[in-house]
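Quick notes on the structure that follows.
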Amino acid sequence: MAKAKVAKRPTRDEFVLEEIGNQLSEAKQENSEIVLTVWGREEPVRGLITTMDSRTGRVHMETNGEIDKVPFMDIMKVEYPRD
């Protein structure tokens, strides 16, 4: 029997990563609520950025008073909520 393959995170070029970084920085500066599409998670992460930790490479998102530390490299898309 073949072993189930774990899907690898898609690679993105430096321009895409830089754009995501810029969008995150802007959202943090403006204290805007954003929605992140995160690789490997079924549900998007919605909230405010409290910290961008360059040491651990994680973006700390606050949602309903709880902190979710999202690895930057797993962020596939940054959007603003539509409602």
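When the alpha carbon coordinates of the chain are projected onto the principal axes, the ranges are 51, 29, 29 Å, largest first. In a fully extended conformation the segment linking ARG41 and TYR80 would gain 12.2 nm over its present Cα-Cα distance, using 0.36 nm per residue. Structural descriptor for the chain: relative contact order 26 percent, calculated from alpha carbon pairs under 8 angstrom and at least 6 residues apart. Taking THR11, THR50, THR37 in turn, the Gaussian network model of the chain (Cα-Cα springs below 10 Å) assigns the largest fluctuation to THR11. Whose amide H sits under 5 Å from the amide H of LYS77, counting only residues 5 or more places off or on another chain, with H placed in the peptide plane? Long-range HN contacts for LYS77: THR37. Of the trypsin sites (Lys or Arg not before Pro) found in the chain, those that fall in a DSSP loop while having at most 13 other beta-carbon atoms within 10 Å are LYS3, LYS5, LYS8, ARG41, ARG55, ARG82. Sparsely packed loop sites in segment 2-61 (the GluC sites (Glu not before Pro) outside DSSP H, G, I, E and B with at most 12 other Cβ atoms within 10 Å) comprise GLU42. Per residue, the solvent-accessible area of the chain (1.4 Å probe, heavy atoms of protein chains only, all protein chains present) comes to 76 Å².
For the chain, the fraction of 1.4 Å probe accessible surface lying on carbon and sulfur atoms is 49 percent. Among the lysines of the chain, pairs that are 8 or more positions apart or on different chains and have alpha carbons within less than 28 Å of each other number 7.
For the chain, the dipole from Cβ point charges (+1 on Lys and Arg, -1 on Asp and Glu) about the Cα centre works out to 580 debye, to the nearest 20.
Taking only DSSP H segments of four or more residues, each worth -39500 (n - 2.57), what value at 222 nm results for the chain once the sum is divided by all its residues, to the nearest 500 deg cm²/dmol? Taking each H run of at least 4 residues, the total per residue is -7000 deg cm²/dmol.
The values are calculated or read from the model by the stated rules, or taken from the named source; none is laboratory data. Since the structure is predicted, the reported quantities are computational estimates derived from the model, not experimental observations. In this analysis, Cβ positions are derived from the backbone assuming ideal geometry, glycine residues included, and neighbour counts consider all displayed protein chains. Keep in mind that these areas ignore ligands, DNA and RNA; they rest on the heavy atoms of the full protein, side chains included. Shrake-Rupley method; radii C 1.70, N 1.55, O 1.52, S 1.80 Å.
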